[in-house]
Every structure is written in C-alpha cells, then in structure tokens.
Amino acid sequence: MFDAASSPGQNRRPLPPAQSPADGVPGPRTPTSTQERPGPQTAPDRRAGQRDAFFDNAKYLAIALVAMGHSWEPLKGDSRVLEAAYTVVYSFHMPAFIIISGFFSRSFDMRPDRLKRLITGVAVPYVLFETAYPLFKNLVTGSHEDITLLDPWYLTWFLVALFVWRLTTPVWKLLRRPLPVALCIAMLATVSPGIGDDLDLQRVLQFLPYFVLGLCMKPEHFQLVRRRWVRIASVPVFALALAIGWWAVPRMTTAWFYHRDAAQELGAPWWYGPVMTLAMMGCSLVLTACFYSWVPRRSTWFTALGAGTLYGYLLHGFLVKFADYRGWFDHAWLHRPLGEILVTLLAATAVTVLCTRPVQRVFRFAMEPRMEWAFRQDAAELARERQRQQRGREREREREMEHEKVGA
C-alpha cells in the first residue's frame, strides 16, 4: 500500500522487536539515542538502534499508494479500470499503514517522555496542518473556509486517530481479548450515525481493529507472509481482487472504504454495517498480507525514505489540492489511459521527493518540534541525566589515570 521476488526466500532471519518511533507515527525519523527497545534484538547481525529495512520499505510503499490513490480520485469517474484499481488500493493501503502503527506502539505507556513525543509528533502537527489546509484553500481559491480543530480536514484525520489509539494502548494491552473487543466497537460504530463528524470519530472507531491487531502482532507474524508460496499466491489474489473491483464499480459505493459513515448515512439498512465491517476486514487483511509479502526485506533505494513518510503523507495533500483547485485534473487528455499513467507517476514522484531528508530538514519544525520549553522536566529523567553525566566524568577520570600511568 515491489521488487519482492528477489528478496531472499531461504535462510530467513526473524524480524527484530518493534521500536517505537520518536513521535508515534510510522514514518518520522527516530534518533537512535531515544529509540525504545522493549526487548533484545533477535537478529544476530543487527546493531542496537538500527532501523529495520522491511518496515521502512513497507511504510514508503504504503504512503506512495496513498498519494497515488488521492491523485486517482478526480479521474476515476471516467475509467472503470482506474476505479477498480482505486477500490483495491483503498481496501488495504490504510489498513497496512495502521497495522504497522499499532505494531510500533506495543511499548507505549504513559511515561512522560513518550507522552511528550506523542504530543509533539502527533498533536502539534495536527493543530498546525488543520490550520494550514483551510488557509491554503482560502489563499488559492479566494474562499473563506473556516478553521476548526474539531472537523479534521482531508488528511489530518489520521493524526487524530493515532493520538486516540496510542492513548488507549495501555487499555488494549490490559485486556485478555483486545481484538474482538475492538472489532465489536467498530461494528457498533457502523450502526451509530449519531456519532457525528467531530474529530472524525467514525474513522477512529472503524479503523480501530487494525491498530489493535498491530498491537497484538509479534515479529514472527510478519515472517509468515515472507514465505515464497505466499508471494506467488498473492499474484492471482490481487488479480482476482481487481476483477472483483471492476465488477463492483457500478454496484457498490467506494464510500464504504473510507470508513467515515454509518450504514444508514450510506443509504443502507443498519445491519449492513456489521456485515460490511467483517467482510471488508477479511478482504483487507488478505490483501495486506499479500502486500507485505511483496515488500523487500533488504535495503533498497527507497528504504531511507521510510523514515519520512509522515512528511510525504501530510505535504502531498497540498499538491493534490492545488492541482484540484486550479482545475488541472479537468484537462480531457488526463482522463485517457496515458494521462492517468502520467498522473500516477507524478504522484509517486512527488511523494517520494517529500519523504527525502532535505524536505525533512525544512519542515521538521512542524513535524517534529522539540518544544522543550513547553514541558517540565521529569524528576526521574533528571536523575537519569545526572547519572549519565556522572558516569561520563568517571570514565574521563579513568582515561586520565591510564594516560598518567603510561606516561610514568
């Protein structure tokens, strides 16, 4: 959400335990010194603090699919094939992204330093971009879009959802059967139109099972989809999914894949909601497993871009919306096959550039602000810092004594 055929099929090594990223989002840069290590590294040749190529590759590929899907939205109405591809991509690209988010949240607790990173890496970017998107629209179109923090605009719903999911992580870790509980909550949400649009709670609740599934997963679960037969089987599975998507285009609204409405709001009987929740989760998990099976485990040219997926996710929306506001998608030649291919390539290229380190350096103030001035320093953290400084001074004295002995 692929160059996976050449990834090693033999002599597989188990994936290392997940490390919680600095800001709680599957994508931002995580300084080695602040990475959380819930357990020992299981791969014998991996050094402490080293990022895992598989997860970075998966995050980049997923965010590239997100950008391509957004670029297809203004064009898909004129092409049944493109709308079928859009349906398939939307059935698994966010679930694949959210499962990794949950997997990287396994060690989250209410420790002050982790709460700080959640605030600076999720809550603050939400406020900034929830303000920036309406201002951007007003600037480009001359409209008067209101700014509100209660109605997530375009892409920012994911930050709200991630903030809520991570805050509730200790609760899910406490439950004996967290996934069935999360699934029941999602099913109930689909029959509750009264939830409303505030903070996009429908999406928060309907996508919740994928996050909880990620919390429940272990490294060896990702290893299961790396088997050769899974990679081979995923080819006909995706071909069948595209065929079903093509068949479903005139028969099913794509709004079901957005998970932002109750069944009644989509003009369906209330019982459609729970049924569609189960059916779509089953389909999404199958396609997500196929997607993971194609993700390379080795380092590739795009592996380093996996550290900047939050940047690509939030910034590419400005490019898509600018093209939409300017009417660029209205050109007739873009609605032909070659035009659709060109738009797809441009979207993939743009999000790739937005994940690079130069872009990260420019926009780090908004994505990963330090904001040390806003927080009181925790007493335990101060004590640990003093201990580190004391150990450093002791090591320095030991080195000086050794030099004196050598000199004597």
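The values are calculated or read from the model by the stated rules, or taken from the named source; none is laboratory data. Predicted, not measured: the structure shown is a model, and the values here were computed from it. Here Cβ is always computed from backbone atoms with ideal geometry, including for glycine, and neighbour counts include all displayed protein chains.
Run down VAL164, VAL122, VAL181, VAL160 and say which single residue is surrounded by 20 or more Cβ atoms within 10 Å (Cβ to Cβ) and under 30 Å from PRO269 (Cα atoms).
Numbers: VAL164 fails: surrounded by 20 or more Cβ atoms within 10 Å (Cβ to Cβ); VAL122 fails: under 30 Å from PRO269 (Cα atoms); VAL181 fails: surrounded by 20 or more Cβ atoms within 10 Å (Cβ to Cβ).
Among VAL164, VAL122, VAL181, VAL160, only VAL160 is surrounded by 20 or more Cβ atoms within 10 Å (Cβ to Cβ) and under 30 Å from PRO269 (Cα atoms).
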Item to check | Odd one out for ASP151, checked against (1) at pLDDT 90 or above; (2) in contact with a Leu (Cβ under 9 Å, 6 or more places away or on another chain); (3) farther than 30 Å from CYS216 by Cβ | outcome: (1)
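Please go through the range 311-331 and pick out each residue that is on the phi < 0 side of the Ramachandran plot and outside any helix (DSSP H, G or I). Explain how you work it out, then say what you get.
Step one: of the range 311-331, the residues on the phi < 0 side of the Ramachandran plot are 311-326, 328-331.
Within the range 311-331, ARG326, HIS331 qualify.
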Checklist entry - What tally of residues in the range 126-148 results from selecting those that are of a type in the set (Asp, Glu) and at pLDDT 90 or above? => result 1
Item to check | Every pair of residues 6+ apart whose Cβ atoms lie under 9 Å, when the first sits in the range 238-251 and is farther than 16 Å from THR288 by Cβ while the second is acidic (Asp, Glu) and assigned to a helix (DSSP H, G or I) | outcome: TRP246/GLU83; VAL249/GLU83
Checklist outcome for this item: Taking the range 185-227 and the residues there that are surrounded by 19 or more Cβ atoms within 10 Å (Cβ to Cβ) and small (Gly, Ala, Ser), the one that is farthest from LEU150 (Cα to Cα) would be GLY214
Checklist entry - Restricting attention to the range 229-246, does a residue exist that is surrounded by 13 or more Cβ atoms within 10 Å (Cβ to Cβ), modelled with pLDDT under 90, in contact with a Ser or Thr (Cβ under 7 Å, 6 or more places away or on another chain) and of a type in the set (Lys, Arg)? => result no
Checklist entry - Being touching a helix residue (DSSP H, G or I) at 6+ places or on another chain (Cβ under 6 Å) and more than 23 Å from ALA84 (Cα to Cα), is that true of even one residue in the range 286-293? => result no
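Go through the range 296-310 and give me each residue that's over 13 Å from ILE63 (Cα atoms), part of a loop (DSSP other than H, G, I, E, B) and hydrophobic (A, V, I, L, M, F, W, C). Steps first, answer last, please.
Filtering the range 296-310 down to residues over 13 Å from ILE63 (Cα atoms) leaves 296-301, 304.
Remaining after also requiring part of a loop (DSSP other than H, G, I, E, B): 296-301.
The one that is over 13 Å from ILE63 (Cα atoms), part of a loop (DSSP other than H, G, I, E, B) and hydrophobic (A, V, I, L, M, F, W, C): TRP301.
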Item to check | Enumerated helices (runs of 4 or more DSSP H) restricted to the range 136-199, each holding at least 2 residues that are among the charged types (D, E, K, R) and either in contact with a His (Cβ under 9 Å, 6 or more places away or on another chain) or under 30 Å from ALA323 (Cβ atoms) (or both) | outcome: none
Checklist entry - Of the conditions (1) more than 22 Å from ILE99 (Cβ to Cβ); (2) in contact with a Leu (Cβ under 7 Å, 6 or more places away or on another chain); (3) buried (at least 18 other Cβ atoms within 10 Å of the Cβ), CYS355 fails just one. Which one is it? => result (1)
Checklist outcome for this item: Quick count over the range 51-89, residues being part of a loop (DSSP other than H, G, I, E, B) and either touching a Ser or Thr at 6+ places or on another chain (Cβ under 8 Å) or hydrophobic (A, V, I, L, M, F, W, C) (or both), is 2
Checklist entry - So how many residues does the range 158-174 have that are among the polar types (S, T, N, Q) and within 19 Å of ASP198 (Cα to Cα)? => result 1
